[in-house]
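Accompanying notes for the structure given below.
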Amino acid sequence: MVLGSEGRSEKQEPPGMISSNARRYRVCPNTLTLDNGPTNTWYYRECRVPLIRHYDKRPCSLEGDSSMSSSPCSAPTPMPPGGDPDDNLLHQAFFMGSTTKNDEVRKTWADSLVYSKQNSSNWTDNDLQELSRAFAFRAIDTYEGPFDPLLDFILVLCSYFRDPFSRKNRLADALEHEVGNIFSFTWKAESEESVNPRTAHHDRYVAGALNLAKFMGDLFGLGLHIEALRHLVIHAGPSLWDDSDWSGSEIYMTAITQIVPSALNSRSLYDFLPERGGSWIPSKLVDQCEVNVYITETQAVGGPITFEKGWIVTMLLLRTFLGLSTITTFVYGLWPLPRGITTGTTPLRLAPDFSVSLDGVRNAPSDLASAVSRTQEYLKADKLQALVPDRGASSRTAVAGARSLRSLRLVYSGQGTPKSISEEAVAAIESRAEAYTLTVPADGSEAVLTASSSLGLFRGLTTFGQLWYDLDGATYSLQAPISINDSPAYPYRGFMLDTARNYFPIADIKRTLDAMSWVKINTLHWHVVDSQSFPLVVPGFNVISEKGAYHSKAIYTPADVKEIVDYAAARGIDVLAEIDTPGHTSIIHHSFPEHIACFEAAPWTQFANEPPAGQLRLASPATVKFTASLLSAASQLFPSKFFSTGGDEINANCYRQDPQTQRDLAAQGKTLEQALDTFTQASHRALASVGKTPVVWQEMLLDHNVTLSKDTVIMVWISSQNVAAVAREGHRLVHAASDFFYLDCGGGGWVGANTNGNSWCDPFKTWQKSYSFNPVAGLTEAQKKLVLGGQHLLWAEQAGPSNLDSIVWPRAASSAELFWTGPGGNARTALPRLHDIAYRFVQRGVRAIPLQPEWCALRPGKCDLDA
Amino acid sequence: MKLSFTSIYTTLHAVGLVNALWPVPRNLETGTSLLKLSPSFDIQFEAGSGWSPPQDLLDAISRTNYRLWNDKLGRLVVGRGEDDREGLESASSLSLLTLALDSHSQSTTTNDDGSSTSHSLLPISVEAVKDIGTRSEEYSLKVPADGSPAVIKANSSLGLLRGLTTFEQLWHWLPARDAGNADEGDARGVVYAYQAPVVIERDYPAFPYRGFMLDTARNFFPVDDIKRVLDTMSLVKMSVFHWHVVDSQSFPLTIPGFEELAQKGAYSSNEIYSSSDVQSIVKYAAERGIDVLMEIDIPGHTAVIANAYPEHIACPGATPWSQYANEPPAGQLRLASSATTNFTVSMLSSIAQTLPSTMFGTGGDEINTKCYQKDPNTQEDLKRSGATLEKALDSFTQSTHGALRQLGKKVVVWQEMALDHRVSLANDTIVTVWISSKHAAKVAKKGFRVVHAPSDYFYLDCGGGGWIGNSAGMNSWCDPFKSWQKAYTFDPLARLSSAEASLVLGGQQLLWAEQASPENLDPIVWPRAAVSAEIFWTGPRHPSGQFRTVAEALHRLHDVRFRMVQRGVRAIPLQPQWCALRPGQCDSGGLPSMVWGFVLQKLAKVIERYKLIVSLLTTKYSEHLGFNEP
């Protein structure tokens, strides 16, 4: 509960009340707070600081005079700092410094501006306020966005106003204060300069205010400062947005709704929070300006409030005042969301002769060239219409008049000759570089994609392919300019497919690999064999698949494996194959009966977790040897540095009832656990000798007394609760918890003669559930480093090619974003983007399911519970 | 302490139910001989019968001929039929199937149609859309083991179609040995039955209404997808396609004279069923023995009409939607307005008269009172007429139903119209029970005919997670998933007196499409929806009165599922293929006994001192759970 000591609280006031209060009092920038209650009621706190009312010195009128319509500020005469209109030096310095594109010149004018008062410490707070206002009005009139010289000028000026003691920046403070204040004033209902939709030139105000919003956003590296949004929403008043006669409203709504998500739908604000170290703040702002941005929510009495809650408030405000029905362009289609992104509001289309240029990549590897061709093919063939009620028709004019983008230039910024994507994709996980930057200017000039690796360029191409929509054959975006600086939060982003319970033809696996690469998943964990069937043809062990595959055609030959592995690697995907041992191996009995204990013993429930029962005779030296050479042979089919030996669900009763195992144990004087240790060490040694790092299921670490090398990677599957225990042992881990990531849960029990059974891991794991996962919950700083990433998993007891796509997509994309963009994403705001990628999947021939009625997909937020 | 499986296993084999027929005929005798289909196999009409077969029957025959050779479904046994190869060399070949009209069956039939006494056989598409309860679907089938002609006898073209459908399911495929690496397109191979002779004496449905409902409004389904559904329905002898064609989210249906509804209410101009699409669907269905029951849900579920006719919709898009509708967007027909009533009547009549079915659905579920309370127009209309909302609903319903009845339609409504509102409904109104299976008895007590569509057994969309936008962690409202096993244990006559039982027309599984589209249509529907097809064709019980069990059904369901896949329907696997090839081997004693078995084992281990207690526990539960003493 927040009550300003000097003000009073008004709970959930209607906008009219707020406005009338705001007339009397200046609204503090940091007044948006939350209680800790369930309803996130927001409060208004007022300051007793009178409104600053001296905006009369602005260079050109905000009121609609006739001259504005042709040329709003044709001769910008910025307000001179110091309030003296005759101070020509200041005047000129400000004007020149804020318009030049030359760094040297800019610095010169900054010097002359600052040193007009001898030195920076002579600038009073009042002077800085005036200067800030000048910036604000300059921004209102003509601000272009992040590439405007105005912003650069501010950055230079900031360097003069650092306070070494408080580590604050006086100019930044003044800017925050004044710009925010002017912004709120612009929107204040019923004040003399307020926006009134029924007056003639209101749209000029809106344009100005939006420019200001954009400016603030850029200033604070956010795209749009949350305060700005709040003011915009509150002070515009509902009448502006409800007035259907006003033709301008749609234009500005479009503008707002594109600015808003670029700031708030991105993670940037989240990253801005102090506990995240402000890691996203553009380095040049931090270095040069040390902008003292504070996040209002964290200052609330009663402790910090999470970003999500702030989000909810923001969205509630949006909904309350705007009504989401008018938000028609909320969605843009990037998934996973880049970690750093700014977008604009300018329409841009691909030229008919658009091409991707590899000129900037000397000796471009052939798989990069292929990736470029695929990207160009997607750009042509996707034909995805914008997910808005009219599917983009109302943007027809904008698209028709848009500038054309003729080329995307790839630039390799790494050392030497670039390696192939395939090489980089299967390199040791810690050595992969997936970062890239992408800029798409609004003016049609060349887009540039830069990375220090082929893999990074490939990720950038994937992003580029998601920026575009189709309208009458035109491929367009409404969000230029676009600037993206992206890299994954976690190096392991996987998907596991079980091809043993039911078989999946190669074409299905390839389609899955394509879909995975579209959301930047980089590991296929291939659970290729199990007790039910052995489709993998292992050289030297061909008889296992001959006798263990479902059918002579339901196999993966070495040539098939190579085809899959090559296909994956060219798409930035490493194939981590698993041969689960010593359990889950019943099927080996058909070819090597001597190595399997308790083969198809009944009732299976006592000998295995699933029928049929049967496990490798781990205590038999012959079986240990057999297994080591089988694993060694199988692992060499795959270029990956990883190979998994499974190790889950070992059934002790099976071994107790197996006379041979009992004899072997007795002969060696070993316990079962000791035998398992010997068995595991032999297998893992065999893998190490062919350069593989072992991956195992969690039981090997947590439930057994087995010596594992320190580099062994542990997969946590039973429960997310087990993560901390694995981390405590100091092993690297992959999240694959059944309570978040199992795609097969919720489909009913598959064991026969089971009338009322639900699946063991009921209920269905919704995409929202996995999206909410916190990969570092309960981990210390040191332990957090052990988290490689995570994956969704499809166990195929009830899955086959028939439902592969529909059971996996788009759900498995939720972990792709979780582990690329990092946790903390909000499901409500992610949903429109997830719809977008799912629709794009369908356009590309992957049968992703609809998450909602199409009505909802076209109207973000309208189908929320509280909408 | 061991779980007992032997009894189930024995039952399975003893009654010879390891066959591939779905729904299983009520009266089936099979042998153990192999019988090949001769390359010259032909289907002919009984010699000298003198009747001229209708075109749609001839089409059905050519479809059968095609499928016999192209299903190419291997037997679901280990080796996929390889063990049959030797025996097939000496097996007889069947070269003729004769279709015959069974004049005797007319006198013994319990159906009251008495229509087909002449030798002019009516088309399937005419038989299929007759009044429900008057259709003749009965057939007999004999396939001798010695290669002499097989015979299907029926007293209608519809019955012959059902017989052909059964006949198709008798056949499996074994590729030629040297076809080793050839793909499945290789023609060399044997089509054969493994249970000859087959004798089915008088197979006929327990219930006339065996349906499937598809919602094409939450997400759109192209005509081809609907036709594939109709083909699959026909494969399991379903008789009614309940088409929930429009709803609040979209209006994809072109109604003559009301074209604007679709123009402004469809998701896009490509997502519309034109009048010719509708006719093509109806014809396609009827030729496959399926009646299309179209539903236009009123007065709720109509928000989208506001796009074209804002004057007829109360509370369109009102927020928060949760107060004005069960789903977004809110909006209902202004039932108290006479203009709206007239509009509704002519809209319904306009579409209904283009459809051959004698049934038409007017919905009537989930009417939101608050929407009308907040609607000034409705309040004014009510005030002017002095009627309550319920009275207005009554006149609205009587007008709409009256108009449909004049067109010869029986009206089908959701249960609320019979149970929750004070609306006078004609006695022949058919009431679809959806909220809970428990409500069927209430409807029957009111004397209305009942269609079972309970969410607790038959909703195919349950268990997929909540679809409302910000429902993180929410499950679907009707969680959990309704497994095929759950649906299979439905008893259509539970809690009904014998008089009430006669009111049960049948039932259906339903796909509400909030989270469904062409992408997952097949996997979410099949093979699950085939379950109610058997429940309502064969009936839930053996002739002995015992309920059929999922253990008996699973293998046959696997078989029909694999056949669906061969026919291009993406039906999901119910188990690992390992299990599908080994009937009974993946059974448990049922999850409860698994759990209890585990608990009891743990108990025994941990507290050995209390052996007495444990043995008491075991004894107590053993009978109930199927334990035997060690």
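The values are calculated or read from the model by the stated rules, or taken from the named source; none is laboratory data. Quick caveat: nothing in here was measured; it's all calculated off a predicted structure. So basically every Cβ, Gly included, is an ideal-geometry build from the backbone, and we count neighbours across all protein chains shown. Ligands, DNA and RNA are stripped out before the accessible areas are found, and what is left, the full protein with its side chains, is counted by its heavy atoms. Shrake-Rupley method; radii C 1.70, N 1.55, O 1.52, S 1.80 Å.
Being open to solvent by 10 Å² or more (accessible area, probe 1.4 Å), modelled with pLDDT of 95 or more and farther than 30 Å from B:Pro316 by Cα is a condition met by no residue of the range B:237-256.
To keep it simple, each residue is scored yes or no on (1) in a helix (DSSP H, G or I); (2) of a type outside the set (A, V, I, L, M, F, W, C).
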position: B:Val229; (1), (2): yes, no
position: B:Thr232; (1), (2): yes, yes
position: B:Trp243; (1), (2): no, no
position: B:Phe251; (1), (2): no, no
position: B:Ile255; (1), (2): no, no
position: B:Glu260; (1), (2): yes, yes
position: B:Glu271; (1), (2): no, yes
position: B:Val278; (1), (2): yes, no
position: B:Ala286; (1), (2): yes, no
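Going by the conditions given, is B:Ala352 at pLDDT 95 or above and surrounded by fewer than 17 Cβ atoms within 10 Å (Cβ to Cβ)? Spelling it out, it is not the case that B:Ala352 is at pLDDT 95 or above and surrounded by fewer than 17 Cβ atoms within 10 Å (Cβ to Cβ).
For the range B:533-545, the criterion of a residue being under 18 Å from B:Ala453 (Cβ atoms), open to solvent by less than 10 Å² (accessible area, probe 1.4 Å), at pLDDT 95 or above and within 14 Å of another protein chain (Cβ to nearest Cβ) is satisfied by at least one position. When the helices (runs of 4 or more DSSP H) confined to the range A:345-463 are screened for residues that are of a type in the set (A, V, I, L, M, F, W, C) and crowded, with 18+ Cβ neighbours inside 10 Å, those reaching at least 3 such residues are found at A:366-381.
Note on the range A:152-173: residues that are open to solvent by 10 Å² or more (accessible area, probe 1.4 Å), modelled with pLDDT of 75 or more and not in a strand (DSSP E or B) total 6. The set of residues in the range A:90-118 that are among the aromatic types (Phe, Trp, Tyr) and open to solvent by 40 Å² or more (accessible area, probe 1.4 Å) comprises A:Phe95, A:Trp109, A:Tyr115. Based on this model, can you work out whether A:Ile837 counts as at the interface with chain B (Cβ under 10 Å from one of its Cβ atoms) and part of a helix (DSSP H, G or I)? Against the criterion (at the interface with chain B (Cβ under 10 Å from one of its Cβ atoms) and part of a helix (DSSP H, G or I)), A:Ile837 does not qualify.
Looking across the range B:506-561, the residues that are acidic (Asp, Glu) and under 20 Å from B:Pro25 (Cβ atoms) come down to B:Glu534, B:Glu552, B:Asp559.
From the set of residues in the range A:770-810 that are assigned to a helix (DSSP H, G or I) and farther than 28 Å from A:His731 by Cα, which is nearest to the other protein chains (Cβ to nearest Cβ)? Spell out how you get there, then give the answer.
Narrowing the range A:770-810 to residues assigned to a helix (DSSP H, G or I): A:770-771, A:781-784, A:804-808.
Add one more test, that the residue is farther than 28 Å from A:His731 by Cα, and what stays is A:804-808.
Working: A:Leu804: 9, A:Asp805: 7, A:Ser806: 4, A:Ile807: 7, A:Val808: 11 Å.
Filtering first and then ranking leaves A:Ser806.
Going by the conditions given, is A:Asn502 farther than 21 Å from A:Leu788 by Cα, of a type outside the set (A, V, I, L, M, F, W, C) and at pLDDT below 95? Criteria not met by A:Asn502. When the range A:682-712 is filtered for residues that are surrounded by fewer than 21 Cβ atoms within 10 Å (Cβ to Cβ) and either basic (Lys, Arg) or outside any loop (DSSP other than H, G, I, E, B) (or both), the ones remaining, listed by number, are A:Ala682, A:Arg685, A:Ala688, A:Ser689, A:Thr693, A:Glu699, A:Leu702, A:Lys710. Scanning the range A:840-867 for residues that are in a helix (DSSP H, G or I), at the interface with chain B (Cβ under 8 Å from one of its Cβ atoms) and open to solvent by 40 Å² or more (accessible area, probe 1.4 Å) yields one hit, A:Val842. Give the range B:36-64 a look and list any residue that's open to solvent by 30 Å² or more (accessible area, probe 1.4 Å), over 25 Å from the mean Cα position of the chain (by Cα) and not aliphatic (A, V, I, L, M), or say none. Matches in the range B:36-64: B:Lys36, B:Pro39, B:Ser40, B:Asp42, B:Gln44, B:Phe45, B:Glu46, B:Gly48, B:Gly50, B:Ser52, B:Pro53, B:Gln55.
Of all residues in the range A:391-417, those that are within 14 Å of chain B (Cβ to nearest Cβ) have Cβ atoms under 6 Å from Cβ atoms of residues that are of a type in the set (A, V, I, L, M) and outside any loop (DSSP other than H, G, I, E, B), 6 or more apart or on another chain, in A:Gly392/A:Leu471.
Residues of the range B:154-173 that are assigned to a strand (DSSP E or B) and crowded, with 24+ Cβ neighbours inside 10 Å: B:Ala154, B:His172. Counting only helices (runs of 4 or more DSSP H) that sit completely within the range B:325-391, those holding 1 or more residues that are within 15 Å of B:His401 (Cα to Cα) correspond to B:338-352. When the range B:482-525 is filtered for residues that are more than 19 Å from the chain's Cα centre (by Cα) and not in a loop (DSSP other than H, G, I, E, B), the ones remaining, listed by number, are B:Ser498, B:Ala499, B:Glu500, B:Ala501. Checking B:Gln508, B:Gln485 one by one, the residue that is open to solvent by less than 10 Å² (accessible area, probe 1.4 Å), in contact with a helix residue (DSSP H, G or I) (Cβ under 9 Å, 6 or more places away or on another chain) and more than 7 Å from chain A (Cβ to nearest Cβ) is B:Gln508 and no other.
The residue that is farthest from the chain's Cα centre (by Cα), counting only those in the range B:284-314 that are of a type outside the set (Asp, Glu), more than 14 Å from every other protein chain (Cβ to nearest Cβ) and open to solvent by 20 Å² or more (accessible area, probe 1.4 Å), is B:Tyr309. Tell me, yes or no, whether the range A:591-600 has at least one residue that is within 14 Å of chain B (Cβ to nearest Cβ) and of a type in the set (Asp, Glu). Yes, the range A:591-600 contains a residue that is within 14 Å of chain B (Cβ to nearest Cβ) and of a type in the set (Asp, Glu).
Of everything listed in (1) under 20 Å from A:Glu797 (Cβ atoms); (2) open to solvent by 20 Å² or more (accessible area, probe 1.4 Å); (3) of a type in the set (D, E, K, R), the single unmet condition for A:Asp648 is (2). On inspection, A:Gly825 fails the criterion of being at positive phi and either surrounded by 24 or more Cβ atoms within 10 Å (Cβ to Cβ) or in contact with a helix residue (DSSP H, G or I) (Cβ under 9 Å, 6 or more places away or on another chain) (or both). All of B:Thr369, B:Thr378, B:Thr388 fail the test of being of a type in the set (Ser, Thr, Tyr), under 22 Å from B:Pro329 (Cα atoms) and surrounded by fewer than 16 Cβ atoms within 10 Å (Cβ to Cβ), apart from B:Thr369.
The set of residues in the range A:527-576 being more than 30 Å from the chain's Cα centre (by Cα) and at positive phi consists of A:Gly540 alone. State all residues of the range A:724-749 that are open to solvent by less than 10 Å² (accessible area, probe 1.4 Å) and not in a loop (DSSP other than H, G, I, E, B); if no residue qualifies, say none. Result: A:Val726, A:Ala727, A:Leu733, A:Val734, A:His735, A:Ser738, A:Phe741, A:Tyr742. Yes or no: B:Lys72 modelled with pLDDT of 95 or more, of a type in the set (D, E, K, R), crowded, with 17+ Cβ neighbours inside 10 Å and assigned to a strand (DSSP E or B)? For B:Lys72, the condition - modelled with pLDDT of 95 or more, of a type in the set (D, E, K, R), crowded, with 17+ Cβ neighbours inside 10 Å and assigned to a strand (DSSP E or B) - is not met. Here B:Asp461, B:Asp428, B:Asp394, B:Asp479 are screened, and the one residue that is in a loop (DSSP other than H, G, I, E, B) and away from every other protein chain (no Cβ under 14 Å) is B:Asp428.
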